[in-house]
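> There's a structure below that I have some questions on.
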Amino acid sequence: MNADQHTPVELCRTCGEPVTERDRFCEECGRPDPTTPRTPPLGTALPGKPPSRRRATSHDTPLASIPHPTPNADSSSDLATRTRPDRRRAPAPTAETAPGTGDAAGAETRCGDCGAAAIGADGYCGQCGFRQPSGREHVEEEAGLFGAAVSDVGLRRSRNEDAFALAALPAGACAVVCDGVATAPGSEEASRLAADSAVAVLTGRVAAGMDPRGAMRAAAARAAEVVAGLSDDPESSPACTFVSAVVDAAGVTVGWVGDSRAYWLSEAGSYRLTTDDSWAASMIRQGAMTAEDAWADKRAHVLTAWLGADAGPVDPHVAAFRPTAPGLVVLCSDGLWNDLPEPAALAAVALDGADGPLGAARRLLRAALDAGGHDNVTVAVIPCPPPEPSRERGR
């Protein structure tokens, strides 16, 4: 998720990357004290104070699509010209990062760059300032032929704050994708816990016979409760978006809070299943701005609903439909749809192969990286109708 979606942000005075006034160092270039006081223009809504928390509409949202932003203009397909950030900051030695510090078992953890045994609890080396790999830079998972998901840090970010969870169901599969708000501390953990807790609820309740709509609401409520419980201070609480899907013999059910999206991709027709909880989408729905002007505004990605201690009551959107032709349900963070917003473009990539859900997810990730990899990218793919149980589970 872009860094301007939850709390007030500024730009680093050295490299221009988004930072907040609480940041001691810039994640991208390591500059100490990267911000300067700035007064927003009169009439400008602060990103941390969105115009509304939620739309006062029906819980069950009809399938609809709103105009999309255009792809970033500086996209390039030459991966050789793009490198991942150095993940380095200026060293700030403390007792926790003193040389010789080890893990709980007493074994020394050494920096992957300089080799010093000076890794702090925040994952940075106290000797050279290098951020250590978390194991989430690139993650893949598949549930046989029933679904697959991939998540990648992208080419511009220093850490992956996206997360997904995926599980097979008695007659299909379910998945959840969450996108952590970069300016909210702890959002990397928030997205992971939200996705894991939601899928646990979905699998348990659907397997017990609950209607997928009810299971979806229960899963979103549990995810919201988990994220809200991560901090006692709403002013500095972790936050994330949420999108989920259940695909079974009855069809497709999706639920969401925020601007992570769900799409239906099929040779017979492709379209978006979700509507964004964002400032731009709100302006477009109200007829206050054209889609082009709204998406070009700096406030375009400011969230009007999210999961977090400061989110207020969480009321997820839920929608369901029965496809008339085979296709794919795709859940994704904005790291994908920012560069490939149109359903037809996603379908051209995802459906161009016979290598199953994992192949489709990998191709969509590659398309986002080829378009610039400006953000973390997470994609979950579930085929519909689900494969026959005898083909996968009855072996």
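> Among the candidates G172, G154, which residue alone is over 26 Å from S278 (Cβ atoms), touching an Asp or Glu at 6+ places or on another chain (Cβ under 9 Å) and not charged (D, E, K, R)?
G172
> Let me ask something else about it. Considering only residues that are assigned to a strand (DSSP E or B) and surrounded by fewer than 21 Cβ atoms within 10 Å (Cβ to Cβ), which ones fall in the range 247-265?
Of everything in the range 247-265, those that are assigned to a strand (DSSP E or B) and surrounded by fewer than 21 Cβ atoms within 10 Å (Cβ to Cβ) turn out to be D248, G251.
> Here's a follow-up. Taking A268, is it surrounded by fewer than 21 Cβ atoms within 10 Å (Cβ to Cβ), touching a Pro at 6+ places or on another chain (Cβ under 6 Å) and not acidic (D, E)?
Against the criterion (surrounded by fewer than 21 Cβ atoms within 10 Å (Cβ to Cβ), touching a Pro at 6+ places or on another chain (Cβ under 6 Å) and not acidic (D, E)), A268 does not qualify.
> Any chance the range 235-246 includes a residue that's more than 20 Å from A311 (Cβ to Cβ) and surrounded by 15 or more Cβ atoms within 10 Å (Cβ to Cβ)?
Yes: the range 235-246 contains one or more residues that are more than 20 Å from A311 (Cβ to Cβ) and surrounded by 15 or more Cβ atoms within 10 Å (Cβ to Cβ).
> Does at least one position in the range 281-289 carry a residue that is closer than 17 Å to G172 by Cβ, under 23 Å from the mean Cα position of the chain (by Cα) and crowded, with 18+ Cβ neighbours inside 10 Å?
no
Every number in this text was worked out from the coordinates using simple rules, so none of it is lab data. Note that the structure is predicted; figures quoted are calculated from it, not measured. In this analysis, Cβ positions are derived from the backbone assuming ideal geometry, glycine residues included, and neighbour counts consider all displayed protein chains.
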